[in-house]
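The values are calculated or read from the model by the stated rules, or taken from the named source; none is laboratory data. All values reported here derive from a predicted model rather than from experimental measurement. So basically every Cβ, Gly included, is an ideal-geometry build from the backbone, and we count neighbours across all protein chains shown. Calculation scope for accessible area: heavy atoms of the full protein, side chains included, ligands and nucleic acids excluded. Shrake-Rupley method; radii C 1.70, N 1.55, O 1.52, S 1.80 Å.
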Amino acid sequence: MTLKTTLIDVDALAALPSDEVLIVDCRVDLADRMQGERTYLAGHIPGAVFADLERDLSDMSRVPEGLGRHPLPSTSAFNAVLGRWGWKPDLQVVSYDTGPGALAAARLWWLLRLAGVHNVAVLDGGIAAWQAAGLPLETDVRPRTSTEVTLARDAGQVIVDHAALHAAPAPLLIDARAGARYRGEVEPLDRAAGHVPGARNRPYVDNLQADGRFKPPAQLRQEFAAVLGDAAPGQVVHMCGSGVTACYNLLAMEHAGLHGSRLYAPSWSGWVSDPSRPVAKGEE
């Protein structure tokens with residue numbers, strides 16, 4: 001089996017033997033905390049387990065610490081989640097969410113890469129592509145044999161310290177939120193509207209084609225080149241509202257062969273948790 005490390009299409013996933021893959025349903029609705037699990041129970045890709053954004057992929061107890069709306073889970077907590085799912089190093093992991101404009105599948109992809117796991121991919125087009133291909137869903141929740149997981153996080157792959165964003169040499173910050181939120185015209189979720197001074201805008205949905213699948217690598221390279229300018233991929237730090245959708249920009253860069261960018265996990269919600277931090281509006 002050829003390991004998939006960024007994206008996998010529905011045909012390749014459908015062809016994988018069930019004992020060689022861990023499929024994770026990451027569907028989420030930020031307006032309805034339980035909607036993701038309800039849709040999972042109503043029908044999911046056969047064999048998939050469910051990942052709750054707030055319970056499994058975040059540590060909501062740390063929100064008051066100024067680490068954003070979806071602080072990273074601790075290493076031990078994430079290991080426990082993987083163990084509950086029966087993760088083993090030789091398994092190909094495939095995460096998926098709804099499809100176009102989705103949220104959390106790339107978050108799981110990034111968390112696993114943060115722990116040194118590279119045989120993990122996001123289903124291109126999500127469950128919408130799976131259903132469009134006429135492939136089946138199931139409602140049964142298959143039991144999995146738990147495992148002992150002891151992964152260690154590579155702390156150098158994430159910027160947690162807010163001050164590090166403007167430490168010399170300053171990274172190139174790319175904001176994955178929609179243009180209206182970046183410019184400060186609207187802000188439906190966080191304390192203040194606008195963006196971190198100096199950040200550039202690349203809405204994560206710009207990585208997708210009309211059918212919800214990612215654009216080809218060559219096209220992504222060309223588009224990111226216009227955003228990066230002279231900056232090398234390793235100088236890039238991604239952000240969004242809470243460190244979730246920014247993972248799609250990071251995933252897109254990796255898929256395009258632009259390796260080494262990182263994530264500012266607290267993102268905008270963490271930045272504005274301190275009213276003394278500067279806020280920019282408009283295009284600059």
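If the only charges are +1 at each Lys and Arg Cβ and -1 at each Asp and Glu Cβ, what is the size of the charge dipole of the chain around the Cα centre, to the nearest 20 debye?
Taking the Cα centre of the chain as origin, the dipole is about 380 debye.
In Å, what Rg and Dmax follow from the Cα atoms of the stretch 30-106?
According to the Cα coordinates of the stretch 30-106, Rg and Dmax are 13.5, 39 Å.
Leaving out ligands, DNA and RNA, what percent of the accessible area of the stretch 153-284 is carbon and sulfur, probe 1.4 Å?
So the carbon and sulfur contribution to the accessible surface is 54 percent.
So how compact is the stretch 90-218: Cα radius of gyration and Dmax in angstrom?
In Å, with Rg to one decimal and Dmax whole: 18.2, 53.
Using alpha carbons only, how many angstrom separate the centre of the stretch 76-138 from the centre of the stretch 177-243?
The stretch 76-138 and the stretch 177-243 have Cα centres separated by 22 Å.
Using a 1.4 angstrom probe, figure out how much accessible area the chain has per residue, in square angstrom, rounded to the nearest whole.
Details: 11990 Å² over 284 residues.
Accessible area per residue, the chain: 42 Å².
Normalised by the empirical 2.2 N^0.38 Å for globular proteins, what value does the Cα Rg of the chain take?
Computed over Cα atoms of the chain, the ratio equals 0.96.
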